[in-house]
Amino acid sequence: MAHRPSLISLQWFSILLVCISLFSWTIFAASPDASLTLDYYKSTCPTVFEIVRKEMECEVNSDPRNAALVLRLHFHDCFVQGCDGSVLLDDTISLQGEKKASANVNSLKGFEIIDRIKNKLESECPGTVSCADILTVAARDAVILVGGPYWDVPVGRKDSKTVNYDLVGENIPTANEGLLSIIAKFLYQGLSVTDMVALAGAHTIGMARCENFRARIYGDFGATDSYLRNLKSICPAAISSSGENNVTAMDNVTPNLFDNSFYHTLLRGEGLLSSDQEIYSNVFGIETKKLVRKYADDPLAFFNQFSDSMVKLGNITNSDSFVNGEVRKICRYVNT
């Protein structure tokens, strides 16, 4: 008979996770760099926030799903050598970008949205606003425009001249990853277990591809029969080139509204991605389970924590880019 962890061992494991999280926060926490300030562009480009907001309004009004695309771009950027715009760089003869790494190649879209915002800002304030800042501010505005909370965005980032293709696979959590591995990836970035659970709530507006939830819906998925049938019609059991790119919302109740509905899906056992459901259902997730229940019960608590965690995410900086970085003229290419 399989060995089941005792309640005492689970409690001690939970305490250990909290201690690790607190230790990591003390030693490695992302903190605002001295170069990041709220008024960095006050004299050089005072309309930067207004321009980004107006452009994002157009993008989200044309398709609410654009909000999730920009938010995901920001996350994938910050988790690989900091929030430095490296995710935006195209491949060239001398540079292998991050876009075609396995965790990004079929997952990231919305690059043209950042291109359009950059073009507007180059017309208004040439050579002034970095692509890294544009992406960070646009992610905040994306959340607001679909009903989510506001937070102040410190700015002053530089765009990196480098990328790290290999770090994408190492640092970005995957759809079928276990809870402990995901926690470790967040701690590595200076983000706590609480940050991890709160930031997972961004999936309330996200879409997932068939290949990322096939194993889940043909495994231990605890959904209602009608919902499960619908998912299986979108994502057939057999792997096929035509079905892999089929998508569905990770929050099937309010997919275009930023709210706490995502946590209710986890309570029902209907988290579309295995990695999401792990937050609530993993036997070791005593603390994460409590947080899921808290955010499901209290949307204001979720909004407040999400805002705080997004500031911390945006403050993961690339120290090299502050010394050797630049303000790209075109977000897809290093200046020549």
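Numbers at a glance
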{"read-out": "Meets criteria (touching a residue at least 40 places away in the same chain (Cβ under 8 Å) and either open to solvent by less than 10 Å² (accessible area, probe 1.4 Å) or in contact with a helix residue (DSSP H, G or I) (Cβ under 9 Å, 6 or more places away or on another chain) (or both)) for residue 169", "value": "no"}
{"read-out": "From 129, 52, 80, residue being within 23 Å of residue 185 (Cβ to Cβ) and of a type in the set (A, V, I, L, M)", "value": "80"}
{"read-out": "Per-region count, the stretch 132-186, residues more than 23 Å from residue 289 (Cα to Cα) and polar (S, T, N, Q)", "value": "5"}
{"read-out": "Residue tally, condition open to solvent by 10 Å² or more (accessible area, probe 1.4 Å) and touching a helix residue (DSSP H, G or I) at 6+ places or on another chain (Cβ under 7 Å), over the stretch 206-215", "value": "2"}
{"read-out": "Residue, least open to solvent (accessible area, probe 1.4 Å), within the stretch 141-166, restricted to residues that are touching a strand residue (DSSP E or B) at 6+ places or on another chain (Cβ under 7 Å) and among the basic types (Lys, Arg)", "value": "158"}
{"read-out": "Subset of the stretch 70-88 [assigned to a helix (DSSP H, G or I), of a type in the set (A, V, I, L, M) and closer than 18 Å to residue 166 by Cα]", "value": "73, 87, 88"}
{"read-out": "Long-range neighbours under 8 Å by Cβ, at least six apart or interchain, first residue farther than 17 Å from residue 112 by Cβ within the stretch 83-97, second open to solvent by less than 10 Å² (accessible area, probe 1.4 Å) and of a type in the set (Lys, Arg)", "value": "83/157; 84/157"}
{"read-out": "Top-ranked residue in the stretch 216-226 [being open to solvent by 20 Å² or more (accessible area, probe 1.4 Å) and in a helix (DSSP H, G or I); ranked as modelled with the lowest pLDDT]", "value": "225"}
{"read-out": "Residues being modelled with pLDDT of 95 or more, in a loop (DSSP other than H, G, I, E, B) and farther than 30 Å from residue 246 by Cα - total across the stretch 93-136", "value": "6"}
{"read-out": "Looking only at the stretch 237-248, and only at residues there that are open to solvent by 50 Å² or more (accessible area, probe 1.4 Å) and more than 20 Å from residue 261 (Cα to Cα), the one that is modelled with the highest pLDDT", "value": "246"}
{"read-out": "Residues within the stretch 290-317 that are β-branched (Val, Ile, Thr) and touching a helix residue (DSSP H, G or I) at 6+ places or on another chain (Cβ under 7 Å), tallied", "value": "2"}
{"read-out": "Condition met for residue 304 (open to solvent by 60 Å² or more (accessible area, probe 1.4 Å) and assigned to a loop (DSSP other than H, G, I, E, B))", "value": "no"}
{"read-out": "Exclusive hit being over 21 Å from the mean Cα position of the chain (by Cα), on the phi < 0 side of the Ramachandran plot and either not in a loop (DSSP other than H, G, I, E, B) or not acidic (Asp, Glu) (or both), set 182, 239", "value": "239"}
{"read-out": "1 or more residues charged (D, E, K, R) and either closer than 18 Å to residue 183 by Cα or touching a residue at least 40 places away in the same chain (Cβ under 8 Å) (or both): qualifying helices (runs of 4 or more DSSP H) within the stretch 254-298", "value": "274-281, 286-297"}
{"read-out": "Cβ-Cβ under 6 Å pairs, at least 6 apart or on other chains, the stretch 307-336 side under 26 Å from residue 188 (Cα atoms) and open to solvent by 40 Å² or more (accessible area, probe 1.4 Å), far side acidic (Asp, Glu) and part of a loop (DSSP other than H, G, I, E, B)", "value": "317/33"}
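Yes/no per residue for (1) surrounded by 15 or more Cβ atoms within 10 Å (Cβ to Cβ); (2) assigned to a helix (DSSP H, G or I); (3) modelled with pLDDT under 95:
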site	(1), (2), (3)
15	no, yes, yes
27	no, yes, yes
40	yes, no, no
45	yes, no, no
52	yes, yes, no
59	yes, yes, no
68	yes, yes, no
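The values are calculated or read from the model by the stated rules, or taken from the named source; none is laboratory data. Bear in mind that the values here come from a model prediction, so they are computed numbers and not experimental data. Positions of Cβ are generated from backbone atoms using ideal geometry, with glycine treated the same way; all protein chains shown enter the neighbour counts. All accessible areas refer to the heavy atoms of the entire protein, side chains included, with ligands and DNA or RNA removed. Shrake-Rupley method; radii C 1.70, N 1.55, O 1.52, S 1.80 Å.
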